[in-house]
Amino acid sequence: MSAAHPEPMTEDVVGLVAVTYGSGDSLTTFLDSLPGATSRPLDVLLADNGSTDQAPQRAAAERDGVRLLDTGGNLGYGRAANLGAAQVAGDWIVLANPDVEWTPGAIDELLAVAERWPRAGALGPLIRNPAGEVYPSARELPSLSRGIGHALCGWWWPSNPWTRAYRQERAEPVERVAGWLSGSCLLVRRVAFESVGGFDPSYFMYFEDVDLCHRLADAGWLNVYAPSSQIVHTGSHSTVQHKREMFIEHHRSAYRYLSGRYPGPRWAPVRAVLWVGLVARSRLIPPVIDFLQRRKGNS
């Protein structure tokens, strides 16, 4: 079953795009909890990046109102999300990972907050993990100083001042403008999303949400944290299976983002130091963490 441009719908419709890749049972929870998240009609599209578990195909075949877009392969998150966003109806688009569990009224509350912020280009809910702990999903944009301090100290000294400033995890969960919002669940205003060209497809995975929010802010839009809306993010089954590869990909994307903030010959030495430092961190930290976990398990 392939996606097609939807029939004309009312202006109240909300588009929803989930990029799937080995989502497994998480997709069932995602779709089962979705009807309670909004009273508005939804145009739901699963942009599938080559799943082999057939979960997206079954969902599209068995569930009313769920369509499937076969992207043709693992194109990366941003590119697949862009393809999906172009094919759903509505002035508002929800972009969400398929390992999200919706709480009642979560999407309606995001839309209610959007009414209070006419310059909001993107809005993000409060995100909890399955244990109920709040994930710091509304953060400051990474700067060179915060980025270096967080990269060097964040993995062994979580309370360091650079990580605290970047993650904003001690900030009260109040409605506010943020530097960037987690891409695991975003409500985006279509006109804003399209005005900046959507996600930068050069990011295969990670940091595409940071980059999007940065470009939205540069274009005059606001990124608004809306903690009155809440979701549960269970964590991706597909990335857990490839944890070390994803750690390396995260650092590759971090370099792409940070180096892009410092272009030109003048900043070449800074980019070189960033590259060496991030590559070294991505290669050295996982074995250290594995060793410490094994030692802890044997104690």
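Principal semi-axes of the equivalent ellipsoid, √(5λ) from the alpha carbon gyration tensor of the range 42-151, are 27, 20, 16 Å from largest down. Each residue of the range 42-49 was assigned a 3J(HN,Hα) from its phi angle through the Karplus curve 6.51 cos²θ - 1.76 cosθ + 1.60 (θ = phi - 60°); the sequence is 10, 10, 9, 10, 9, 8, 9, 9 Hz, with glycine and proline shown as x. Remark: spin-label model distance Val177-Asp108 equals 3.0 nm, labels positioned 7 Å along the Cα→Cβ axis. Taking amide H as placed 1.01 Å from N in the peptide plane, the amide H of Leu68 sits under 5 Å from that of Ala3, Leu46, each at least 5 places away or on another chain.
Amide H to amide H, with H built 1.01 Å from N, Ala178 comes under 5 Å of Asn223, Val224, Tyr225, counting only residues 5 or more places away or on other chains.
Read the figures in this text as sums done on the coordinates, not as results from a lab. Being a predicted model, the structure only gives us computed values, none of them experimental. Backbone-built Cβ (ideal geometry, glycine too); neighbour counts: all protein chains shown.
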